[in-house]
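See below for the structure under consideration.
Read-outs: derived from the displayed coordinates by stated rules, not from any lab. This is a predicted model, so every value here is computed, not measured. Cβ: placed from backbone, ideal geometry, glycine included. Neighbour counts: every protein chain shown.
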Amino acid sequence: MKNHGHFGKYGGRYVPEMLMPALEELEKVYEKVKKNKSFQKEVHYYLQTFAGRPTPLTYAKNLTEKLGGAKIYLKNEGLNHTGAHKITHCIGQALIARMLGKKRLIAETGAGQHGVATATVAAKFGFSCTVYMGETDVYRQRPNVFLMERLGAKVVPVAFGNRTLKDAVNAAIKDWITNVDSTHYVLGSVVGPHPYPIMNRDFQSVVGKEVKKQIIKAEGKMPDYIIACVGGGSNAMGIFYPFIKEKLVNLIGVEAGGKGKRIGQHASRFNGGSVGVLEGFKSYFLQDNDGQIQKTHSISAGLDYAGIGPELVYLRDKKRMQFAAVNDKEVIEAVSVLSKTEGIIPALESAHAVAYALKLAHTLSKSKVIIINISGRGDKDLFILARAFKDKNFFNFLKSQLSI
Ligand SMILES: *Cc1c(COP(=O)(O)O)cnc(C)c1O
C-alpha cells in the first residue's frame, strides 16, 4: 500500500472526499518535481534572488563569552525577505501552483505572518490572493492586514465561531472545496493533510543543508545541539531534517510555555495534549475530551497553535528529538539579552529557542557547539515589545499619530 504521508501512526490525510482529488494531484506533481533538476533550480533561483538565501550562520561571540560555556552560533533566518523563514515554503508552493495551472492562492492566517508571506509570493508570481482571517485577529493584527492589502491580497474577516485561526481554517477549506480547479491552498507549516508536511519540510530543509556546510567551515565538525522553536514545526524541521541521521547531534524543539501550566495558559502540546485527528491530520493537539480544540496562549503569535506537525511527534516518540518549554517572561528576557549582546532583535517565536539556550550553554563545556535557529526578526513584534518593556513614550507616539 502507498504511504500517504504517515510518520508512524501520525500524519495521513483526513479530509472531506471532495478535496481528495486536489491533494492527490498535489502529491503527484510534488513527487515529480522533487527530483526534477530544472524545478529545483528555479526554486533556488528565487530563494537566492528574491528571498535572500543563503542566510548567514553567525558566531555569537559576546553571548558565548557572557555565558561561559558552549560556543553559540545563530542561523539568522530573520534576514529573509519578509523577515522570517516562511517565505521559503511559500515560494516553493507558488511555483508548484503555477505548474498545476492555478490562478489563485488562498491561505488562512492567525497573526498574519503566513498571510503576508502568501500575499508576497502571490504578487511576485502573478496570482490573485484571498486570505481568511478571524474577525478578532483582523482587529488585533491591523498592521499585517494593512501589509497584505498593500500587496494586493483580499483579506476576508471570518465572523463565525471564536473568530480566530480555527474559524479562518474552516472558511479557507470551504473556499478550496468550491474553487478547487482554479485555486491552490497555501499551508503555512509542516501540518495539515499529506503532502503538506513532507512538502514544506523539504522546502525548508535548505536551512539545515546550509547550516551543515557553514558549521563544517567554521568549526570543522558537526554541532552538538540544534535548538529551534516549534509552532507547527516548519522552521524546526527545516533545520533539523538534514541532521536526523547525525545521531550525535541533539535536536531540541522549544514550545511556548506561555503564562502558566494550566490548559489555556500555554501552547505546549506536550503539557496536556493528546493524540487526535484535526484539520486533516493525526497528531498531538491541545484538545478537550470531545476532541474540541482548546484555547492556547503565547506571547508569540506564531507559536500560539493547538496542534503540531506529525513528524515532530514521531521523532519525539523515537527519542530522536527532545522538547522543552519556556515561559513568556523568559522569552522577553531572551529578546533583551540577544539584542544587547549580539545586535540581533529576534522574533518572539525565535526568542523561545534563545531562552532555552541561555539555560543550557553554561552547563556545557567550551568544546561543545550550539546552533540556535533565529527563525525571524523582531520588527513585527514592535507593539508587543513596547508593552512588554513598558515603553510609555512609544504609546505617547501612537496617541500623537491619532491627532493628525
Ligand atoms: C510562523 C513563525 C514560527 C512558527 O512556525 P513554525 O512552523 O513552527 O516554524 C516561528 N518563527 C517565526 C519567526 C514565525 O514567523
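Structural remarks
- Listing Lys209, Lys399 from fewest to most neighbouring C-beta atoms within 10 Å gives Lys399, Lys209.
- Whole-angstrom gap from region 192-250 to region 372-404, using each part's C-alpha centre: 31
- Within the chain, helix-based [θ] at 222 nm, where runs of 4 or more DSSP H residues each add -39,500 (n - 2.57), nearest 500: -13000 deg cm²/dmol
- Normalised convex hull volume, region 203-244, alpha-carbon set, Å³ per residue: 59
- The ellipsoid that matches the Cα gyration tensor of the chain has semi-axes, each √(5λ) in whole angstrom, of 30, 26, 22, with the longest given first.
- Rg/Rh for region 274-391 (Cα atoms only, Rh after Kirkwood) is 1.02.
- Sparsely packed chymotrypsin sites (Phe, Trp or Tyr not before Pro) within region 93-185, loop by DSSP, other Cβ within 10 Å at most 13: Phe160
- Structure note, pairs Lys209/Lys261; Lys37/Lys209; Lys295/Lys359; Lys259/Lys282; Lys261/Lys368; Lys86/Lys390: Cα-Cα distances above 24 angstrom occur for Lys209/Lys261; Lys295/Lys359; Lys259/Lys282; Lys261/Lys368; Lys86/Lys390.
- Label-to-label distance, Lys259 versus His362, with points set 7 angstrom from Cα along the beta-carbon direction: 2.9 nm.
- Ordered by the count of other Cβ atoms within 10 Å of each Cβ, fewest first, Glu27, Glu149 give Glu149, Glu27.
- Pairwise FRET efficiency - Thr49 versus Lys319, Cβ, R0 = 45 Å, nearest 0.05: 0.65
- Debye log10 I(q)/I(0) for region 347-404, one point scatterer per Cα, at q = 0.13 Å⁻¹: -0.52
- Dipole magnitude of region 169-300, debye to nearest 20 (Cβ charges: Lys/Arg +1, Asp/Glu -1, about Cα centre): 440
- When you count the other C-beta atoms within 10 angstrom of each residue and take the mean per peptide, 238-251, 383-396 line up highest first as 238-251, 383-396.
- Expressed as a fraction of 2.2 N^0.38 Å, the C-alpha radius of gyration for region 102-188 is 0.96.
- For region 191-267, taking the reciprocal of the average inverse distance between every pair of different Cα atoms yields a Kirkwood hydrodynamic radius of 13.7 Å.
- Spin-label pair Ser274/Gln401, simplified geometry with 7 Å Cα→Cβ offset, distance in nm: 4.5
- Label-to-label distance for Asp379 and Lys392 is 3.0 nm, based on points extended 7 Å past Cα in the beta-carbon direction.
- Coarse-grained scattering of region 211-321 at q = 0.13, 0.16 Å⁻¹, given as base-10 log I(q)/I(0) from a Debye sum over alpha-carbon atoms: -0.52, -0.73
- FRET efficiency for the Lys9 to Leu100 pair, using the beta carbon distance and R₀ = 22 Å, is estimated at 0.15.
- Directionally averaged projected area (region 1-146, Cα convex hull): 13.3 nm².
- For the chain, a crude dipole built from +1 on the beta carbon of Lys and Arg and -1 on the beta carbon of Asp and Glu, taken about the Cα centre, is about 980 debye to the nearest 20.
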